[in-house]
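The values are calculated or read from the model by the stated rules, or taken from the named source; none is laboratory data. For clarity, every value in this text was computed on a predicted model and none was experimentally measured. Glycine gets a Cβ as well: all are built from the backbone with ideal geometry, and neighbour counts include every protein chain shown. Note: accessible area is taken over every heavy atom of the protein model, side chains too, but ligands, DNA and RNA are not part of it. Shrake-Rupley method; radii C 1.70, N 1.55, O 1.52, S 1.80 Å.
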Amino acid sequence: MHRSCRWMAPALLLWAAAAAAQNVSLSGSLGASKALLLIDGQPHTLAVGSTVKGVTLRRVGDGEAEVEVAGRTSVLRLGATQASVGAAAGGSSGNAIVLAAGPGGHFMTVGSINGKSVQFMVDTGATVVAMSQSDAERIGLDWRRGKRGLSHTAGGTVPVHAVNLNTVRVGDVEVTNVDAVVVPAEMPMVLLGNSFLSRFSMRRDNDVMRLERK
């Protein structure tokens, strides 16, 4: 769904219980006057000076926003994991992810594969996680030892190498033993396919996607 405003970038919120604190992340901004915050898993658009669920937006800057909860301030940055603001937080449950849609309605986020940083795009039409050979080499994946096969794509049939990923991580949520394929074509980001997504129940509310571990 397209909106008249341009969100600068998507970001993620790891939804976790934290005693006497609010879990908050920055998903986007509209100039220097408003920001889209995810507060305890719920999206809210706040104007500077306004308060929602005890979270007050104090300032919006270039790729960041300053919020205040219970007299404590914190600077949130686009692309960063959630911040527990207002009190000492308990441990994250690591059981759910909330993503805000970016340009074109795509859900993108930073994460890691086998501990190496990657840029993901959610692709519910992909059977498994898929990445380019250049991404695989960058993260140190020995893809040449993977089982050879063919994959049918919109652009035709392409050769692939099937591999297994030790870990796929989005924020504080980590999944182990994830099937993936490495393709020869260049790709702008890693496709987060159903070998990861099937471990979660998925719900979409307008421009927000929630993934909860089954």
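Let's see how each residue does on (1) part of a strand (DSSP E or B); (2) at pLDDT below 80; (3) open to solvent by 30 Å² or more (accessible area, probe 1.4 Å):
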| site | (1), (2), (3) |
| --- | --- |
| 3 | no, yes, yes |
| 6 | no, yes, yes |
| 20 | no, yes, yes |
| 38 | yes, no, no |
| 49 | no, no, yes |
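Note on segment 136-168: residues that are within 21 Å of residue 110 (Cβ to Cβ) and surrounded by fewer than 20 Cβ atoms within 10 Å (Cβ to Cβ) total 6. Go through segment 124-174 and give me each residue that's among the β-branched types (Val, Ile, Thr) and touching a His at 6+ places or on another chain (Cβ under 9 Å). Answer for segment 124-174, where residues must be among the β-branched types (Val, Ile, Thr) and touching a His at 6+ places or on another chain (Cβ under 9 Å): just 158. Restricting segment 55-70 to residues that are open to solvent by 40 Å² or more (accessible area, probe 1.4 Å) and of a type outside the set (Asp, Glu) leaves a set whose member that is farthest from the chain's Cα centre (by Cα) is 70. Since residue 185 meets every condition but one in (1) of a type in the set (A, V, I, L, M, F, W, C); (2) open to solvent by 20 Å² or more (accessible area, probe 1.4 Å); (3) outside any loop (DSSP other than H, G, I, E, B), which condition does it not meet? Every listed condition holds for residue 185 apart from (3).
In this structure, is residue 144 in a strand (DSSP E or B), under 12 Å from residue 183 (Cα atoms), over 15 Å from the mean Cα position of the chain (by Cα) and modelled with pLDDT of 90 or more? Considered against the rule, which asks whether it is in a strand (DSSP E or B), under 12 Å from residue 183 (Cα atoms), over 15 Å from the mean Cα position of the chain (by Cα) and modelled with pLDDT of 90 or more, residue 144 comes out as no.
Is there a residue in segment 125-136 that is more than 23 Å from residue 115 (Cβ to Cβ) and either part of a loop (DSSP other than H, G, I, E, B) or in contact with a Ser or Thr (Cβ under 7 Å, 6 or more places away or on another chain) (or both)? Yes; the residues of segment 125-136 include at least one that is more than 23 Å from residue 115 (Cβ to Cβ) and either part of a loop (DSSP other than H, G, I, E, B) or in contact with a Ser or Thr (Cβ under 7 Å, 6 or more places away or on another chain) (or both).
When 99, 76 are checked against the criterion of being within 30 Å of residue 51 (Cβ to Cβ), more than 13 Å from the chain's Cα centre (by Cα), at pLDDT below 90 and open to solvent by less than 30 Å² (accessible area, probe 1.4 Å), 76 stands alone in meeting it. Would a scan of segment 191-202 turn up a residue that is touching an Asp or Glu at 6+ places or on another chain (Cβ under 6 Å), in a strand (DSSP E or B) and either open to solvent by 20 Å² or more (accessible area, probe 1.4 Å) or free of Cβ contacts under 8 Å to residues at least 24 places away in the same chain (or both)? Scanning segment 191-202 turns up at least one residue that is touching an Asp or Glu at 6+ places or on another chain (Cβ under 6 Å), in a strand (DSSP E or B) and either open to solvent by 20 Å² or more (accessible area, probe 1.4 Å) or free of Cβ contacts under 8 Å to residues at least 24 places away in the same chain (or both).
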